[in-house]
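Data block below; observations after.
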Amino acid sequence: MQYSRIAVLTGAGISAESGVPVFRSEDGLWEQHRIEDVATYEGFARDPVLVHNFYNKMRQELKSREPNPAHIALTKLQEELTARGGQVTIITQNIDDLHEKAHSQHVIHMHGELNKLLCERCGARIDFDGNSSPDTVCPKCGKKAMRPDIVWFGEIPYHMEEIQQVLFACDLFLAVGTSGVVYPAAGFVSMCRHLGKPCVEFNLEPSVVGNVFNHGYYGKAGTTMPKFVDYLLEHDALPEKL
Ligand code: APR
């Protein structure tokens with residue numbers, strides 16, 4: 001098989017058709033809120049209640065969100081290539097759980113997860129589906145030191161070592177629904193190109209790093225991704241267009 005180890009980076013755009021707001025668009029999350037207030041440690045230290053409530057609202061809204069055909073196509077790709085002895089690893093910047101709801105396996109959440117809290121005191125990461133506050137107690141150490149388990153601006157993403165190994169070992173790199181603005185994820189394509197891996201993006205339009213990719217499929221991921229997956233599984237080759 002030409003393409004048997006595939007690394008897929010996903011961003012907010014893959015969940016847009018499921019009704020999860022993206023970050024950067026006219027009605028995106030960062031148009032409606034100051035990043036400094038809700039996505040930095042300084043903002044959390046200044047007003048923890050506001051930050052807890054910001055993520056509480058997202059966590060509750062997420063409960064009614066369902067995966068769309070793009071998430072489901074990635075699961076199909078993963079299942080079928082795994083059955084043929086290959087491997088598909090999903091690295092997501094998303095904090096939603098739609099890859100899991102679509103039954104994808106071993107999803108690497110580099111920016112954390114809405115359905116988890118992190119204890120600042122003991123470092124425990126706990127599953128959580130309720131509403132948190134500064135009074136929420138850590139079930140491991142008993143301290144009131146819980147924060148949303150989200151990687152904020154200025155913090156180091158999770159699982160970087162594992163991600164590097166996945167990118168080194170892949171024979172195809174796909175980026176789906178990400179603007180290419182936020183590093184280190186935005187730099188994965190350059191790294192893969194230097195390593196000689198074919199790189200393909202799926203977006204509504206070329207992203208900020210769109211010129212670094214070998215190829216792009218432009219349109220809604222819920223439409224392009226299922227067609228792409230079917231073609232790849234049948235031909236073990238990349239389609240000219242979709
Ligand atoms: N299909 C494909 N792409 C889409 C779709 C769609 N249906 N809808 C939107 N997009 C594209 C947009 O064109 C844009 O390039 O998805 C991208 C979304 O970009 P961002 O909102 O910047 O999201 P993302 O790239 O995931 O942001 C990265 O920034 O704020 C931080 O931590 C946050 O993980 C996030 C990171």
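The values are calculated or read from the model by the stated rules, or taken from the named source; none is laboratory data. Treat the numbers as computed from the prediction; the structure is a model and nothing was measured. Counting neighbours? That spans all protein chains shown, and the Cβs are built from the backbone with ideal geometry, glycine included. The area values use the complete protein model at the heavy-atom level, side chains included, leaving out ligands, DNA and RNA. Shrake-Rupley method; radii C 1.70, N 1.55, O 1.52, S 1.80 Å.
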(request) Please verify whether region 42-49 includes one or more residues that are within 19 Å of Glu113 (Cβ to Cβ), touching a residue at least 60 places away in the same chain (Cβ under 8 Å) and within 12 Å of the ligand (Cβ to nearest atom). (result) no
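Tally up the residues in region 190-212 that are more than 12 Å from the ligand (Cβ to nearest atom) and open to solvent by less than 20 Å² (accessible area, probe 1.4 Å), please.
As a first pass, look at region 190-212 and keep what is more than 12 Å from the ligand (Cβ to nearest atom): 190-200, 211-212.
Still in the running and open to solvent by less than 20 Å² (accessible area, probe 1.4 Å): 192, 199-200.
Total satisfying the criteria: 3.
Working only within region 15-35, note down all residues that are of a type in the set (D, E, K, R), free of Cβ contacts under 8 Å to residues at least 40 places away in the same chain and over 16 Å from Asn53 (Cβ atoms).
Initial filter on region 15-35 (of a type in the set (D, E, K, R)): 17, 24, 26-27, 31, 34.
Subsequent filtering for residues that are free of Cβ contacts under 8 Å to residues at least 40 places away in the same chain retains 26-27, 31, 34.
Answer for region 15-35, where residues must be of a type in the set (D, E, K, R), free of Cβ contacts under 8 Å to residues at least 40 places away in the same chain and over 16 Å from Asn53 (Cβ atoms): Glu26, Asp27, Glu31.
Inside region 65-148, counting only strands (runs of 3 or more DSSP E) that do not spill past its ends, which hold 1 or more residues that are open to solvent by less than 20 Å² (accessible area, probe 1.4 Å)?
On the way: elements: 87-92, 107-109, 112-119, 125-127.
Ranges flagged: 87-92, 107-109, 112-119.
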(request) Could you grab me the full set of residues in region 226-242 that are in contact with a strand residue (DSSP E or B) (Cβ under 6 Å, 6 or more places away or on another chain) and part of a helix (DSSP H, G or I)? (result) none
(message) Just the residues that are over 21 Å from Val22 (Cβ atoms) and in a loop (DSSP other than H, G, I, E, B), please, taken from region 179-215.
(response) Leu195, Gly196, Lys197, Pro198, Asn214
